[in-house]
1. With 10 angstrom as the radius, rank L25, L61 by how many other C-beta atoms surround their C-beta, starting from the fewest.
2. Hey, got the dipole for the chain? About the Cα centre, +1 on K and R Cβ, -1 on D and E Cβ, debye to the nearest 20?
3. Starting from the Cα of T96, step 7 Å toward the Cβ, then list every residue of the range 21-44 with an amide N under 19 Å from that point.
4. Return P(r) of the range 69-148 (all Cα-Cα pairs; 5 Å bins starting at 0; whole %; ordered from short to long distances).
5. Which FRET efficiency, nearest 0.05, do S115 and H56 yield, Cβ-Cβ r, R0 25 Å?
6. As I understand it, the value is the acute angle between the Cα axis of helix 125-135 and the longest principal axis of the Cα atoms of the chain; what does it come to in degrees, rounded to 10?
7. Quick one: if the Förster radius is 35 Å, what FRET efficiency do A123 and E40 give, using the C-beta to C-beta distance and rounding to 0.05?
8. With each pseudo-label sitting 7 Å past Cα toward Cβ, what's the I147-I131 distance in nm, one decimal?
Amino acid sequence: MPGTAVYSTIGLSRYGLPSVRSNKLIRHELLLATHTGENEEYIPSILKQVGEEAIHNNSALLSGQVIGPRGFLSPGTNVKALFVNSPVFLPDEFATFETDEGSGVIAWLIPVTGSEATFVHKAGWERFEEILDESNPDLFDWRRKGIA
């Protein structure tokens, strides 16, 4: 997408991490995106921390999961947490991939505000996704106001 910087982990999929829902092993890489020239200096460390935590906790990141809130992801922004989803802003072919170790999935880490993270915990991730679809916020804008 023009004007968007997308960053990814490379190598996290070497680790098959169990799902807390099914105990199935999941291999994934993480994506994090922002507007070009904004917040980019923080993205590598965020991806590194989230990936290392998944490995340390021996637990795959699942769609609908919220990581945080833990404080602002970068100075001057409104986002404090990450919402895990599939990368719907990319063609479907980008959602999965094959490795020597097996199939993998891409987990898009969507930066969300503290109030949005609380909403997901209270109302559920399905309802939050409905609100995302209805309001269509700019999910690459880390300074956006929360929708919940």
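1. Values: L25 13, L61 23.
Neighbour counts put them in this order, fewest first: L25, L61.
2. On the way: 12 positive and 19 negative charges, 120 e Å.
My answer is approximately 580 debye.
3. Counting only backbone N, you get 21-31.
4. Per 5 Å bin, starting at 0, the Cα pair percentages come out as 3, 14, 23, 23, 16, 11, 7, 3, 0.
5. Details: r = 28 Å, r/R0 = 1.13.
It comes out at approximately 0.35.
6. For helix 125-135, the angle is close to 50 degrees.
7. Working: r = 32 Å, r/R0 = 0.91.
With a Förster radius of 35 Å, E is 0.65.
8. Here the modelled spin labels are 0.9 nm apart.
Bear in mind these aren't lab numbers, they're just calculated from the coordinates by the rules spelled out. Note that the structure is a prediction, hence the values are computed from the model and not measured. Neighbour counts run over all protein chains shown; Cβ positions are idealised from the backbone, glycine included.
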